[in-house]
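Here is the structure we will look at, set down as structure tokens.
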């Protein structure tokens, strides 16, 4: 029997551009769980301890809030975004134009 393990994209997201592309895809989906997961993958790619410190939360709390079962507070999301050096920008959805 072949044993498989869950895929972790973090080791492959080595450039800020690739990380931004993942986050943009998650944001475009509108799914909160995917956005939190993408932030978690990017944080692991950059170093979870460093991101947690810059975001003002513990590493354990950051892992927990960005996990599949997590539901991060907006303050956590904004702190992680600041630590990652990314910003969010609102645009009108195509159906609203």
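Values in this text are rule-based calculations from the coordinates and carry no lab data. No experiment lies behind these values; they were computed from the predicted model shown. Cβ sites come from the backbone with ideal geometry, for glycine too, and all protein chains shown count toward neighbours.
Could you identify the single residue in 41, 86, 57, 80 that is out of contact with any strand residue (DSSP E or B) (no Cβ under 9 Å at 6 or more places or on another chain), surrounded by 14 or more Cβ atoms within 10 Å (Cβ to Cβ) and touching a residue at least 60 places away in the same chain (Cβ under 8 Å)? So that I can check it myself, show each step before the final result.
Working: 41 fails: touching a residue at least 60 places away in the same chain (Cβ under 8 Å); 57 fails: touching a residue at least 60 places away in the same chain (Cβ under 8 Å); 80 fails: touching a residue at least 60 places away in the same chain (Cβ under 8 Å).
Testing whether each residue is out of contact with any strand residue (DSSP E or B) (no Cβ under 9 Å at 6 or more places or on another chain), surrounded by 14 or more Cβ atoms within 10 Å (Cβ to Cβ) and touching a residue at least 60 places away in the same chain (Cβ under 8 Å) leaves just 86.
Would you mention how many residues in region 64-75 are under 11 Å from the mean Cα position of the chain (by Cα) and buried (at least 16 other Cβ atoms within 10 Å of the Cβ)? Spell out the reasoning first.
Kept after step one, since they are under 11 Å from the mean Cα position of the chain (by Cα), are these residues of region 64-75: 65-67, 72.
Those left that are additionally buried (at least 16 other Cβ atoms within 10 Å of the Cβ): 65-66, 72.
So the answer is 3.
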Do the conditions hold for residue 27, that is, is it crowded, with 18+ Cβ neighbours inside 10 Å and touching a helix residue (DSSP H, G or I) at 6+ places or on another chain (Cβ under 8 Å)?
no
Would it be correct to say that residue 5 is out of contact with any helix residue (DSSP H, G or I) (no Cβ under 6 Å at 6 or more places or on another chain), free of Cβ contacts under 8 Å to residues at least 60 places away in the same chain, assigned to a helix (DSSP H, G or I) and loosely packed, with under 12 Cβ neighbours inside 10 Å?
no
